[in-house]
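Input: a single structure, listed below in structure tokens.
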Amino acid sequence: SNAIDFWDAVPRYSVSRARMESMRTKDGFLDVLELPFEYGQKQYTARIYPARIRTSDTAGGGLSYYPSAREELIEHALRKLACDQQSGFLDQSETSGRSGVRFSLYRLRRELEAQGHALRYDQLVSGLDILSLSTIEIDSRGGDGEELFARSAYLPGLVGVRRHEYDADREARWFAHFHPLVTQSIQCASFRQFNYRRLMSCHTQLARWLLCLLVLKYRQASPLQCFSVRFRTIRRDSGLLEGYARARDAVAKVDEAWSELEELVH
């Protein structure tokens, strides 16, 4: 598959389900989440507006969710399916500029299962709902002091079928539009090919984040060229270590993630 320059550096899946439980109000709401990060020596802020999901086992208006590890895996699987013939699409017209994927829930389930991340029908639909209803806003400040922002849903467009139609036809088509930054990267050819199976074999989000970091930044990779990154950079830009009260616990998680990647390589 391919890592998307800049988009895959945004800490957009950084809050675990367990941490969300502690952050919700008694009415099931989550606040807008602000995550500062740096890319290309520029400062950015990602603001994540959570999705409000109503299910049969939630009272009232449902619960708010940020996209997390499950949604990250779903997005990677959708991007992998888009690489297959007749599945991905790209509209390069000046007015729209959209990219996306045609898929069936059955095919998406089979893809995730093959990578060791099996999901039930309801879990998959819930994940797609969160991706299409959550909004991410990315702010930056230019060299002249001008503040710029981009705001969109993770999946700006989603078309699918309900459960009874899925049961009648497992190959019923769904359509998903990718985030505009993904489309821009495709148009500009600023993506980088990487080992998709290795990424999906990672057991932790932090290991997947570090692998994407290497793909996007370690462009001079060779036995003679080293790559170094500071702990504070990982903590700031991944957003995955904010739940640790003690710095040594966060350092231990980083060490475990590097060890996991080392095992995958060997």
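The values are calculated or read from the model by the stated rules, or taken from the named source; none is laboratory data. Bear in mind that the values here come from a model prediction, so they are computed numbers and not experimental data. We place every Cβ from the backbone using ideal geometry, glycine too, and count neighbours over all the protein chains shown. Ligands, DNA and RNA are stripped out before the accessible areas are found, and what is left, the full protein with its side chains, is counted by its heavy atoms. Shrake-Rupley method; radii C 1.70, N 1.55, O 1.52, S 1.80 Å.
A few notes on this one:
- A search for C-beta distances below 6 Å between a residue of segment 244-259 that is surrounded by 14 or more Cβ atoms within 10 Å (Cβ to Cβ) and any residue that is of a type in the set (Asp, Glu), counting only pairs 6+ apart in sequence or on different chains, returns nothing.
- Those strands (runs of 3 or more DSSP E) lying entirely in segment 26-137 with at least 1 residues open to solvent by 10 Å² or more (accessible area, probe 1.4 Å), over 20 Å from Gln205 (Cα atoms) and among the basic types (Lys, Arg): 42-49, 51-53, 98-104
- Number of the exception - Arg151 against (1) out of contact with any helix residue (DSSP H, G or I) (no Cβ under 8 Å at 6 or more places or on another chain); (2) open to solvent by 80 Å² or more (accessible area, probe 1.4 Å); (3) farther than 22 Å from Gly97 by Cα: (3)
- Scanning segment 189-208 for residues being open to solvent by 20 Å² or more (accessible area, probe 1.4 Å) and either touching a residue at least 60 places away in the same chain (Cβ under 8 Å) or in contact with a Gly (Cβ under 8 Å, 6 or more places away or on another chain) (or both) gives a total of 9.
- Subset of segment 8-22 [more than 15 Å from the chain's Cα centre (by Cα) and either surrounded by 15 or more Cβ atoms within 10 Å (Cβ to Cβ) or of a type in the set (Asp, Glu) (or both)]: Met20, Glu21
- Candidate set: segment 228-242, residues that are part of a loop (DSSP other than H, G, I, E, B) and open to solvent by 60 Å² or more (accessible area, probe 1.4 Å); chosen: the one farthest from Pro36 (Cα to Cα): Ser228
- Qualifying residues in segment 3-49 (those that are basic (Lys, Arg) and in contact (Cβ under 8 Å) with a residue 40 or more places away in the chain) - the one farthest from Gly243 (Cα to Cα): Lys42
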